[in-house]
Amino acid sequence: MKTVVFVDELLLVNFAAAAALLLGAGLLCGRCCTGLRLCVGSAAAAASTLALLAPPWPAPLAILYKIASCCGVVAVCYGVPGARSFARLCGWYAALNGLLCGAVVLPGVQANNLNVLLPVRPGRLLLCCAGVYALLRGLLAVFGRPQRGCFAAVLHLAGAAVPVQAYHDTGFTLQDPLAGRRVVLVQYPPVRSRLPAPLREKLEAHRELYDIGAAPPPGLGVQFVPCAAVTGHCLLPAVPAVLCCGQRRVPGLLAAFCAPDAPTGAWTLLLGDDVAEEAGV
């Protein structure tokens, strides 16, 4: 018995399913994306399911195609935020896809080349996807995402070794806009006494400049990194630094200093995905 497949319906159903799976993977990994990237990624995922209409492929080719399409869709939606974070995103997206592929045991479901044809009307699928996404958000709101604790590290800068409590924040993406150097954010008050006196003087000599966002004077010897915060835009003073975590060493960093009005937690140093990956955390 032949099955009639409407391509527009197939694409719409898989677009909606892919959007839900991508959002779910992002929620579980603490990542977010723009609406445009989500739409493009979902469209790419929907287009990849056209392999369902192709003649049956050998199993190795079907598996390779599924892995390549999975990685490509995640890259389109979230970019490549470091190999470890990218692997987590792909893993969750593949796992959620695996649950969907497991639906082949249901009556009326057909599969080909590791792609499934769900006997579900687009409207009902959209409602189901919205419900699952809302449920996932509710569970994360109640129980919270798994939190990474602080870990001990040593920050080498200006000839001094400064012990810090580092925290990996997946949403931290600050970098030097001119040279593209990676930036770690350091709370100034907890580490002030550990810094060399000349550096302390430089950081405090023109503090009003980076509070209001003015240009640094020549000869200050401190680089300024623009930062967009909740309170507005500012310039953070930064100096070259190297981060050491156990036997791992991450060179080529800029340590940007901030002085929050209130304590922001147990951390004294904040780092993003790429630095955390290189540091082995």
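The values are calculated or read from the model by the stated rules, or taken from the named source; none is laboratory data. Owing to the predicted nature of the structure, the values given are computational and were not obtained by experimental measurement. Neighbour counts run over all protein chains shown; Cβ positions are idealised from the backbone, glycine included.
Scan segment 3-23 and tell me whether some residue there is touching a strand residue (DSSP E or B) at 6+ places or on another chain (Cβ under 6 Å) and closer than 26 Å to residue 135 by Cβ. For segment 3-23, residues touching a strand residue (DSSP E or B) at 6+ places or on another chain (Cβ under 6 Å) and closer than 26 Å to residue 135 by Cβ: absent. For segment 142-181, filtered to residues that are modelled with pLDDT of 90 or more and within 11 Å of residue 253 (Cβ to Cβ), the residue that is surrounded by the most Cβ atoms within 10 Å (Cβ to Cβ) is 155.
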